[in-house]
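Below you'll find the structure, written out as structure tokens, and then a few comments.
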Amino acid sequence: MDPQIPATPPPTTAMPVPPATAPMTTPQAGTLNTSVTWRRVFAILVDSILIGILFSVLTHFFGTTTHVGSTSTNLATQSTLSGIPSMVFSVVTILYFIIMEWQVGGTLGKMILGIKVTDLNGNKISFGSAFLRNLLRIVDAFPYVIPYLTGLIVVLTSSQKQRVGDKVAKTLVIRKVK
């Protein structure tokens, strides 16, 4: 062995530098109350009533109304929209959900029932998240003869009570903190 090269490296006094870590992105257990399943159900009912009122107003001015059955014994009517008024109604309905959830955290139904949409950390969601979670209502609302049955089953079996749209958009529906 060469007398000028030590056999072991000399001890260092510098502290080792820990590796860089990403900030924690998941909330601490129990901080976000996602047990709001039935509030969500009633919120969509409130929103459906509001959308139904909008539909009635639009059909009154721009649609057609047909009496179903005999007018002397049956007061039922069928209202329809077609063409541009139908497209306007569809776009307004979709934008209602996207913009309300993006800007204020929830639709009128959610606000009335004391719940809001957040990201996984409890923060306001982005436009992209709002768009994605509402685009996937197509999946959550299936089968359309029993609306939102798929979404309800997924929420009931999910640990964070998320429907398909929430899982993909990485959002939660939580109880508002007073």
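For this structure, a couple of remarks:
- Computed from backbone phi with θ = phi - 60° and the Karplus coefficients 6.51, -1.76 and 1.60, the 3J(HN,Hα) list for the stretch 130-141 is 4, 4, 5, 5, 7, 4, 7, 4, 4, 6, 5, 7 Hz; x is used for glycine and proline.
- Cβ-defined net charge surrounding S129, 14 Å radius [Lys, Arg +1; Asp, Glu -1]: +4
- Sequence of T157, T37 from largest to smallest accessible area, 1.4 Å probe: T157, T37
- Calculated on alpha-carbon atoms, Rg and Dmax of the stretch 31-160 in Å: 17.3, 59
- Amide H contacts of F142 (H built 1.01 Å from N, under 5 Å, at least 5 apart or other chain): Y148, T150, G151
- Shape category assigned to the stretch 69-128 from the gyration tensor of Cα positions, a/c cut at 1.5: oblate
The values are calculated or read from the model by the stated rules, or taken from the named source; none is laboratory data. The model shown is predicted, which means the values in this text are computed figures rather than measured ones. Note that we place each Cβ from the backbone using ideal geometry, even for glycine, and neighbour counts take in every protein chain shown. We work out accessible area using only protein heavy atoms, side chains counted, and drop any ligands, DNA or RNA first. Shrake-Rupley method; radii C 1.70, N 1.55, O 1.52, S 1.80 Å.
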